[in-house]
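Laboratory data are not the source of any read-out in this text; all were calculated from the coordinates shown. Just so we're clear, the structure is a prediction, and the values are computed from it rather than from any experiment. Glycine also receives a Cβ, built like all others from the backbone with ideal geometry; neighbour counts cover every protein chain displayed.
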Amino acid sequence: MSTTPTTVERNLRKERIGIVTSDKMNKSIVVTVERRVMHPKYGKFVKRSSTFMAHDENGDAHVGDTVRISETRPLSKMKRWRVVEIVERAK
């Protein structure tokens, strides 16, 4: 007899909030995440951006929407993120 725990322990997943820049693919979106980093020499804050391809199962997210994405197993060559929720719709 083996006992299975009712709560499954999962590793902590990274989460990011960004803006959808492309939704032209089926079940995939491109999300741009901006962060502010202090310049090492001049001390001024500089914007740095990263782009992530995320899996959008229902195709709900569109260009301009703010979404929360979460790290996941590799889903394709480029996709390692999954859409958790749509934080804010584009106006």
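Which order do I69, I19 fall in if you start with the one that has the fewest other Cβ atoms within 10 Å?
Exposure proxy ranking, most exposed first: I19, I69.
Any chance you could count the Lys pairs in the chain whose alpha carbons are under 28 Å apart, treating pairs 8 or more apart or on different chains as valid?
Eligible lysine pairs with Cα atoms under 28 Å apart amount to 18.
According to the square roots a ≥ b ≥ c of the eigenvalues of the Cα gyration tensor, what is the shape class of the chain, taking rounded for a/c under 1.5, prolate for a/b larger than b/c otherwise, and oblate for the remainder?
oblate
If the only charges are +1 at each Lys and Arg Cβ and -1 at each Asp and Glu Cβ, what is the size of the charge dipole of the stretch 15-88 around the Cα centre, to the nearest 20 debye?
620
What ranking do M53, M78 get, fewest neighbouring Cβ atoms within 10 angstrom at the top?
M78, M53
For the stretch 55-65, what does the Karplus curve 6.51 cos²θ - 1.76 cosθ + 1.60, with θ = phi - 60°, yield as ³J(HN,Hα) per residue in whole Hz, taken in order and with x for Gly and Pro?
Ordered by residue, 3J(HN,Hα) equals 8, 10, 4, 8, x, 7, 7, 10, 4, x, 6 Hz.
If you plug each phi of the stretch 78-88 into the Karplus form 6.51 cos²θ - 1.76 cosθ + 1.60 with θ = phi - 60°, what whole-Hz ³J(HN,Hα) values come out, in order, with x for Gly and Pro?
Per-residue couplings from phi come out as 10, 8, 10, 10, 9, 6, 8, 7, 9, 6, 8 Hz.
How far apart, in nanometres, would the label points at S49 and S70 be if each is projected 7 angstrom from Cα along the Cα-to-Cβ direction?
Label-label distance for S49 and S70, simple model: 2.7 nm.
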